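**Q** I'd like to ask some things about the structure below.
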Amino acid sequence: MRSRLQGLFAVYKPPGLKRKHLRDTGLNAGKPPAPEQRVRFLLGAVEGSEEKELTLTATSVPSLTNHPLVCGPAFTHFKVGVEHRLDAQASGVLVLGVGRGCRLLTDMYNAHLTKDYTVRGLLGKATDDFCEDGRLVEKTTYDHVTREKLDRILAVIQGSHQKALGMYSNLNLKTQEAYEMAVRGLIRPMNKSPMLITGIRCLHFAPPEFLVEVQCMHETQKELRKLVHEIGLELKTTAVCSQVRHTRDGIFTLDSALLRTQWDLHSIQDAIQTTAPRVAAELEKSLSPGLDTKQLPSPGWSWDSQVPSSAVNAQAAAGAVGG
């Protein structure tokens, strides 16, 4: 089992669950199985017999075919790595690696794959940590906010971040190569960068509540909460974040994430084998030319600092790179 259980899989992290509780995911939480028993007839003296008669007695003894002293321990501790950190308040897709699959977590990071979030905001108040349950610092009115105004602000944010993405990718956006990469969605920052938003739209608007879908890279959940705060400021009001939900990480989506009741050895093994070809194909497509994609497994291989987030800050970051 140990040689086959190697690769990547995703779990669904519920809100409130801390990182230290995720590493076991059912793999290392079990106990070694008890040795199998077999019935043997042992020769012994009859109790109370003066003539020392011998008889065969049926006795249950451990089977040596799978005894730990013969074939070694039946349970192995698996090394589990975490690709993208979700803080305690956030929920959603979390990618884990097992065995040699932990090395692929670094490749996923270097591929700069986009991630999707749904972020829920609440108009009318501001807190010290941008969260709904933080310390209240201000209350404002929001009657003037409309869906059209919100959509307009989101469009400005997306445009400014796309400009910054072009700068951080070190590409000449006027070339045919850059155009083809943009069509295929392969424009990526070459190195570390601030949070970059490739797409943002409103999914639901019912004041004081609104729900925004964000496609981004190099983000943290704190930056996404701050983004909600800055959207509120752009709308001439205030806003706090009430929920951050991670819905996609590269090829891993909510549909492929194992629920807490599925964190067992067989479900994880099936998930690794199902996603292995897609992981290999995505990494080969997305990795930058500077990385050796020949080291990636083939699709048929079986794996047993404060940064800008608002429109104004993104424009400033793009200008700094361009200069």
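**Q** Can you tell me which of (1) among the β-branched types (Val, Ile, Thr); (2) modelled with pLDDT of 90 or more; (3) in contact with a helix residue (DSSP H, G or I) (Cβ under 6 Å, 6 or more places away or on another chain) is the one VAL212 doesn't meet?
**A** Result: VAL212 passes all but (3).
**Q** If you scan the range 121-147, which residues turn out to be out of contact with any helix residue (DSSP H, G or I) (no Cβ under 8 Å at 6 or more places or on another chain) and either part of a strand (DSSP E or B) or farther than 17 Å from PRO208 by Cβ (or both)?
**A** Correct list: LEU122, LYS125, THR127, ASP128, ARG135, LEU136, VAL137, GLU138, LYS139.
**Q** Let me ask something additional. Can you pull out the residues in the range 196-227 that are among the aliphatic types (A, V, I, L, M) and open to solvent by 50 Å² or more (accessible area, probe 1.4 Å)? Give the steps one after another, and end with the answer.
**A** To start, the set of residues in the range 196-227 that are among the aliphatic types (A, V, I, L, M) comprises 196-197, 200, 203, 206, 211-212, 214, 217, 224, 227.
Across the range 196-227, the qualifying residue is only LEU203.
**Q** Sticking with this one: So, in the range 227-247, exactly how many residues are basic (Lys, Arg) and farther than 23 Å from TYR109 by Cα?
**A** Within the range 227-247, the first condition is being basic (Lys, Arg), and the residues that meet it are 236, 245.
Next cut, farther than 23 Å from TYR109 by Cα only: 236.
Selection size over the range 227-247: 1.
**Q** Output the number of residues of the range 247-284 satisfying the condition of being outside any helix (DSSP H, G or I) and under 16 Å from the mean Cα position of the chain (by Cα).
**A** To start, the set of residues in the range 247-284 that are outside any helix (DSSP H, G or I) comprises 247-253, 257-259, 263-264.
Retained after the next criterion (residues that are under 16 Å from the mean Cα position of the chain (by Cα)): 247-253, 257-259, 263.
Of the residues in the range 247-284, 11 are outside any helix (DSSP H, G or I) and under 16 Å from the mean Cα position of the chain (by Cα).
**Q** A further question follows. Pick from GLN243, GLN215, GLN221: which is farther than 22 Å from ARG152 by Cβ and in contact with an Asp or Glu (Cβ under 8 Å, 6 or more places away or on another chain)? Steps first, please.
**A** Working: GLN243 fails: in contact with an Asp or Glu (Cβ under 8 Å, 6 or more places away or on another chain); GLN215 fails: farther than 22 Å from ARG152 by Cβ.
Answer to the check: GLN221.
**Q** Also: Output yes when any residue across the range 132-155 is under 30 Å from LYS285 (Cβ atoms) and either open to solvent by less than 80 Å² (accessible area, probe 1.4 Å) or touching a Gly at 6+ places or on another chain (Cβ under 8 Å) (or both), and no when none is. Even if it seems obvious, please write down each step before you answer.
**A** Taking the range 132-155 as the starting set, the residues that turn out to be under 30 Å from LYS285 (Cβ atoms) are 154-155.
So of that shortlist, the ones also either open to solvent by less than 80 Å² (accessible area, probe 1.4 Å) or touching a Gly at 6+ places or on another chain (Cβ under 8 Å) (or both) come out as 154-155.
Yes - at least one qualifying residue is present in the range 132-155.
**Q** Hey, could you check the range 156-195 for residues that are of a type in the set (Val, Ile, Thr) and open to solvent by 40 Å² or more (accessible area, probe 1.4 Å) and say which is modelled with the lowest pLDDT?
**A** That would be VAL183.
**Q** Filter the range 130-158 for residues that are among the charged types (D, E, K, R), over 18 Å from SER91 (Cα atoms) and within 30 Å of the chain's Cα centre (by Cα) and give the result.
**A** So the first thing to find is which residues in the range 130-158 are among the charged types (D, E, K, R), and the list is 132-133, 135, 138-139, 143, 147-149, 151-152.
Then drop every residue that is not over 18 Å from SER91 (Cα atoms), which leaves 135, 138-139, 143, 147-149, 151-152.
The answer is ARG135, ASP151.
**Q** Also, I was wondering about something else. Just checking, how many residues over the range 93-111 are outside any helix (DSSP H, G or I) and crowded, with 23+ Cβ neighbours inside 10 Å?
**A** 6
**Q** Write out, first by first residue and then by second, each pair whose Cβ atoms fall under 9 Å of each other, whose residues are 6+ apart or on separate chains, and whose first residue, in the range 48-62, is modelled with pLDDT of 70 or more while the second is among the basic types (Lys, Arg).
**A** Sorted first by the residue in the range 48-62, then by its partner, the pairs are ALA58/ARG40; THR59/ARG40; SER60/ARG38; SER60/ARG40; VAL61/ARG38; VAL61/ARG40; PRO62/ARG38.
**Q** For ASP270, indicate whether it is open to solvent by 10 Å² or more (accessible area, probe 1.4 Å), at pLDDT below 95 and within 18 Å of LYS13 (Cβ to Cβ). Please lay out each step first, then the result.
**A** Numbers: open to solvent by 10 Å² or more (accessible area, probe 1.4 Å): yes; at pLDDT below 95: yes; within 18 Å of LYS13 (Cβ to Cβ): no.
In short, no.
The values are calculated or read from the model by the stated rules, or taken from the named source; none is laboratory data. Treat the numbers as computed from the prediction; the structure is a model and nothing was measured. Heads up, the Cβs are rebuilt from the backbone with ideal geometry, glycines too, and the neighbour counts pull from every protein chain shown. We work out accessible area using only protein heavy atoms, side chains counted, and drop any ligands, DNA or RNA first. Shrake-Rupley method; radii C 1.70, N 1.55, O 1.52, S 1.80 Å.
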